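Student: So that we are looking at the same thing, I have put the structure below in C-alpha cells.
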Amino acid sequence: MGRGDLSDDEWARLEPHLPKSRGRGGRWQCHRRVINGILFRQRTGLPWRDLPTRFGKWKTVHDRHRRLSADGTWERILRAVQADTDSEGRIDWSMVSVDSTSCRAHQHAAGAPTRPPRTGRRSRPVQHRSDEALGRSRGGLTCKIHLAGEGGRRPLAFVITPGQWGDAPQLIPVLEQIRVPRPGGGHPPARPGHLGGDKAYSSRRNRRYLRRRQIKHTIPEPKDQRANRQRRGSKGGRPTGFDKALYRRRNEVERTINRLRTFRAVATRYDKRAFVFHGTITTAAIRLWLRP
C-alpha cells in the first residue's frame with residue numbers, strides 16, 4: 001500500500017457502494033487500484049499523464065473518474081458513506097455551518113468547448129453548467145465552493161459557482177443539497193439543530209427560508225442592514241438573535257474547508273469541465289468521510 005492509498009478498513013467501507021460488473025467484458029475491474037490512482041491525483045494535483053505506473057494506464061484512471069463524475073455515481077457513493085456514518089451516530093447534527101472558499105483556476109482549466117459535453121449514453125452530465133463555474137476577477141479565473149459542514153469537520157453538501165458570485169444567494173441551494181439517506185428507509189434528515197454563518201449570508205430571503213423550515217440560526221446582521229431596519233421602525237421587524245457561544249463553533253466549517261484544500265486538485269482547479277471538478281471535490285469529500 002502506497003502513501004495516501006485506501007487502507008483495508010476504508011476499502012471495506014467503500015467497496016459495497018461501488019458499481020458492479022455485469023455481463024462479460026469486466027468493465028469495472030481493478031476498482032481499488034484505479035480509485036487509489038484517482039485519489040493520488042486529487043491529493044498531488046499532478047497531470048493525469050504523469051500518474052505512476054503502479055495505478056495502471058493513466059487513460060483508464062482519467063476516464064473512470066470522468067464517467068463516474070458525469071453519471072452522478074460519486075454523489076451516490078458520498079450519500080451512501082454519509083448514511084453509514086449517520087447510522088453509527090457519528091454525524092454531529094447539533095451545529096451545521098456554511099461558508100465558501102475561492103479556488104484559483106489554472107490556465108489549463110480554461111478553454112472548454114462551448115458545446116455541451118457528451119459522455120456515454122447520457123446526453124449531458126448531471127452536474128453540467130453552461131458557464132463551467134469559471135469567473136474572471138482581478139486575479140484571473142476563479143471558482144468558488146459553497147459548503148455546509150457538520151460538527152465533525154466533514155462536508156455535508158456543496159455547490160460550485162463562478163468565483164465572483166456572492167455567498168447569500170447560495171445558502172438555500174447548499175442546504176437543499178443536504179440529504180443523508182436512512183438505511184432503513186424514511187425521510188432523510190435535512191434539518192440541522194442549528195445553523196451558523198457569517199454576515200455574508202444575512203438577508204431577509206435567507207432568514208424567511210430558515211424560519212419557514214424552523215431552523216434555528218446564528219447569522220450576524222451587518223451594520224447597513226441593522227440601520228435600515230431601525231430606520232423603518234416597527235415595519236423593519238424585530239432584531240435578529242445572536243448567540244456568541246454558538247457563533248464560535250463556526251470555526252468548524254473553516255477547518256472543514258482547510259481539510260478539503262489539502263487536496264491540491266481542489267485548492268487549485270485544473271479541470272476544464274465543471275462536472276469533472278465537481279467530481280474531484282466529491283472524491284475528496286468521500287476520502288474525508290472514510291477516515292476514522
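The values are calculated or read from the model by the stated rules, or taken from the named source; none is laboratory data. Please read all numbers here as calculations on a predicted model, not as lab measurements. FYI the Cβ positions are ideal-geometry reconstructions off the backbone, even for glycines, and counts take in every protein chain you see. Surface areas here come from the heavy atoms of the whole protein model, side chains and all, with no ligands, DNA or RNA. Shrake-Rupley method; radii C 1.70, N 1.55, O 1.52, S 1.80 Å.
Student: Taking the alpha carbon gyration tensor of region 36-112, what are the square roots of 5 times its eigenvalues, largest first, to the nearest whole Å?
Tutor: Numbers: eigenvalues 169, 70, 31 Å².
Three semi-axes, in Å: 29, 19, 13.
Student: Give the calculated FRET efficiency between Arg182 and Asp50 to the nearest 0.05, with a Förster radius of 35 Å applied to their Cβ-Cβ distance.
Tutor: Result of the calculation: an efficiency of 0.25.
Student: Something else about it: Scattering from the C-alpha atoms of region 171-292 alone, worked out with Debye: what is log10 I(q)/I(0) at q = 0.10, 0.14, 0.22, 0.23 1/Å?
Tutor: With no solvent term, the Cα-only Debye profile gives -0.46, -0.83, -1.33, -1.37.
Student: How large is the convex hull of the Cα atoms of the chain per residue, expressed in Å³ as a whole number?
Tutor: 157
Student: Moving to a separate point now. Roughly how many Å² is the accessible area per residue of region 1-105, as a whole number, for a 1.4 Å probe?
Tutor: 51
Student: Moving on. Please state the charge dipole magnitude for region 7-118, taken about the Cα centre, from unit charges on C-beta atoms (+1 on K and R, -1 on D and E), reported in debye and rounded to the nearest 20.
Tutor: For this selection, approximately 1020 debye.
Student: Follow-up question, since we're still on this one. Carbon-plus-sulfur fraction of the accessible area of the chain, 1.4 Å probe, in percent?
Tutor: Values: 7190 of 15260 Å².
Heavy-atom surface of the chain belonging to carbon and sulfur, 1.4 Å probe: 47 percent.
Student: To continue, here is another question. Within region 84-163, which trypsin sites (Lys or Arg not before Pro) sit in a loop by DSSP and count at most 12 neighbouring Cβ atoms inside 10 Å?
Tutor: Arg118, Arg121, Arg138
Student: What's the longest uninterrupted piece of the chain once you rule out the chymotrypsin sites (Phe, Trp or Tyr not before Pro) that are loop residues per DSSP with at most 14 other Cβ within 10 Å?
Tutor: After excluding every exposed loop site, the longest remaining stretch is 29-241.
Student: May I have the convex hull volume per residue, in Å³, for the Cα set of region 108-178? Before the final figure, lay out the partial values.
Tutor: Numbers: hull volume 10.1 nm³, N = 71.
Enclosed volume per residue, from the Cα hull, is 142 Å³.
Student: Further, regarding this structure: Given the -39500 (n - 2.57) contribution per DSSP H run of 4+ residues, what per-residue ellipticity at 222 nm results for the chain, rounded to the nearest 500 deg cm²/dmol?
Tutor: Taking each H run of at least 4 residues, the total per residue is -11000 deg cm²/dmol.
Student: Turning to a different aspect of this structure: For region 142-204, what is the largest minus smallest coordinate of the Cα atoms on each principal axis, given in angstrom and ordered from greatest to least?
Tutor: 41, 24, 22
Student: Another question, then. Please compute the contact order of region 210-292 in relative form: average sequence separation of alpha-carbon pairs under 8 Å and at least six residues apart, divided by the residue count, as a percent. Don't skip to the answer; put the middle values down first.
Tutor: Values: 33 pairs, mean separation 15.8, N = 83.
After rounding, I find 19 percent.
Student: Moving on. What number, in nm² with one decimal, is the all-direction average of the projected area of the convex hull of the alpha-carbon atoms of region 249-292?
Tutor: Working: hull surface 13.7 nm².
For the Cα atoms of region 249-292, the hull's average projected area reads 3.4 nm².
Student: Amide H neighbours of Thr218 under 5 Å, at least 5 residues apart or on other chains, H built in the peptide plane: list them.
Tutor: The answer is Leu195, Gly196, Gly197.
Student: Provide the FRET efficiency to the nearest 0.05 for the Arg231-Ala168 pair, computing r from the beta carbons and using R0 = 30 Å.
Tutor: Once rounded, the FRET efficiency stands at 0.90.
Student: Continuing with this model, one more query. Note down the relative contact order for the chain as a percent, whole number, built from C-alpha pairs under 8 angstrom at least six residues apart.
Tutor: Computed over the chain, the figure is 25 percent.
Student: Can you compute the charge dipole magnitude of region 78-118 about its Cα centre, using +1 on each Lys and Arg Cβ and -1 on each Asp and Glu Cβ, nothing else charged? Give it in debye, rounded to the nearest 20.
Tutor: Result for region 78-118 is approximately 480 debye, rounded to the nearest 20.
Student: Could you work out the percent of alpha carbon pairs in region 49-167 separated by over 21 Å, rounded to a whole number?
Tutor: 56
Student: Determine the per residue accessible area of region 125-206 with all protein chains present and a 1.4 angstrom probe, expressed in square angstrom.
Tutor: So region 125-206 comes to 42 Å² accessible per residue, rounded to a whole number.
Student: Quick one: dipole size for the chain, taken about the Cα centre, charges +1 on Lys/Arg Cβ and -1 on Asp/Glu Cβ, in debye to the nearest 20.
Tutor: Roughly 860 debye, rounded to the nearest 20.
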